[in-house]
Amino acid sequence: MNNNIFDTALIFEGGGMRVAHSAGVIDVMLESGLFFNYVSAISAGSSNAVNYLSRDRARAKRSFVDLVDMDGVVGMRYWLRGEGYFAAEYLYGAASLPGGPLPLDFARFQENPAELRIGAFDCETGKTVYWKREDIETVDDLLRMVRCSSTLPLLMPRTQFRGRTFIDGGIEAGIPIDIAQRDGYEKFFIVLTREKGYRKKPMKIQRLLERKFRDEPLLIEKLRHRWERYNEQMEEIERLEAQGRAVVVRPEQMRIRSTTADRAKLEECYQDGCRLAAREMNTWKTFLYT
């Protein structure tokens, strides 16, 4: 398996089910032969990264559209049972193994030589950890990393991995451009899940979060200032875009929420991503190949 883009980092933002739009973008990117040799991702974007690197267009869609038709995966009844709004143990376990409704082709993933970074928030240190390919020994390792990165606070139970406790990578690093910059990249292709000009505001549920995590001051501090860090990142990304150093892929209209489980709405969002990518492909190729 060969790649053809070596000087540009591909970056996936998270956003729960909003990444259905990014999945549509991935479909057209793969169909058009855009194969990046470096990918960083966080939160639900990490699932997109794995699907992209295994070049599995069908799984990209199943992961964020067909998913809601699967039994035992999404819903408040699973949250009430302590499994999480997204039933993580099943979704990142049996469902993604051979014979499950969402099988990951791990051999195909391993054939791709591209560098990978998956970010998750370490609850004990209060820092974001970025795993690399050399950290992945088995398909279970990979699925556990994606689960750690995607573990939404309050909505999903925390994930244990190699003796540590993790939750959603987006808590500290909303868009994983920081790791790509540390790895030496100066040119970026950034797939976002919010419209142009979007900025976060302080969370309305901040007091609830502070009560819930009152014994974890490091986590509370990160949650309290998450909106500020995200907005700083967005301003930096817009500067890079203005300088001609980044292509930023944004939905023209984000129709859904992070927890949307309506298949028709998810399908529409996915198709929005497909249409956007098809329309912009020539512009993207000019940026990437010149």
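The values are calculated or read from the model by the stated rules, or taken from the named source; none is laboratory data. Because the structure is predicted, anything quoted here is derived from the model rather than measured. Virtual Cβ from ideal backbone geometry, glycine too; neighbours counted across all protein chains shown. Areas reflect the complete protein model, heavy atoms only, side chains present, ligands, DNA and RNA absent. Shrake-Rupley method; radii C 1.70, N 1.55, O 1.52, S 1.80 Å.
Values as computed for the structure displayed
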read-out: Portion, in percent, of the accessible area of the range 147-290 that falls on carbon or sulfur, probe 1.4 Å; value: 48 percent
read-out: Ranking by accessible area, most exposed first, for Asp27, Asp71 with a 1.4 Å probe; value: Asp71, Asp27
read-out: Listed residue pairs exceeding 23 Å between alpha carbons, taken from Lys127/Lys196; Lys196/Lys265; Lys200/Lys222; value: Lys127/Lys196
read-out: Axial C-alpha extent at least 27 Å, average Kyte-Doolittle at least -1.0 - helices from the chain (DSSP); value: 263-289
read-out: The range 227-243 and the range 16-73: distance between their alpha carbon centers, rounded to Å; value: 24 Å
read-out: Per-selection Rg to Rh, the chain - Cα, Kirkwood hydrodynamic radius; value: 0.93
read-out: Percent antiparallel among DSSP beta bridges (both partners in the chain, rounded to 5); value: 40 percent
read-out: Accessible solvent surface per residue of the chain, calculated while the other protein chains remain in place, 1.4 angstrom probe, Å²; value: 43 Å²
read-out: Ellipsoid semi-axes in whole angstrom, largest first, where each is sqrt(5λ) of the Cα gyration tensor of the range 52-98; value: 22, 11, 8
read-out: Carbon + sulfur, % of accessible area of the range 61-146 - ligands and nucleic acids excluded, 1.4 Å; value: 50 percent
read-out: Derived scalar couplings ³J(HN,Hα) [the range 248-256; Karplus, 6.51 cos²θ - 1.76 cosθ + 1.60; whole Hz; x for Gly, Pro]; value: 10, 9, 10, x, 5, 8, 8, 8, 10
read-out: Probe 1.4 Å, all protein chains present, accessible-area order of Arg108, Arg182, largest first; value: Arg182, Arg108
read-out: Under-5 Å amide H pairs with Val74, H placed in peptide plane, nonlocal only; value: Ala87
read-out: Loop sites in the range 191-290: GluC sites (Glu not before Pro), DSSP, at most 13 other Cβ within 10 Å; value: Glu195, Glu252
read-out: Amide proton proximity set for Lys187, modelled H, under 5 Å, gap of 5+; value: Ala9
read-out: Vicinal HN-Hα couplings computed from phi for the range 165-178 (Karplus, 6.51 cos²θ - 1.76 cosθ + 1.60; Hz; Gly/Pro x); value: 10, 10, 9, 3, x, x, 5, 9, 10, x, 10, x, 7, 4
read-out: Residues with amide H under 5 Å from that of Thr165, placed H, sequence gap 5 or more; value: Cys123, Glu124
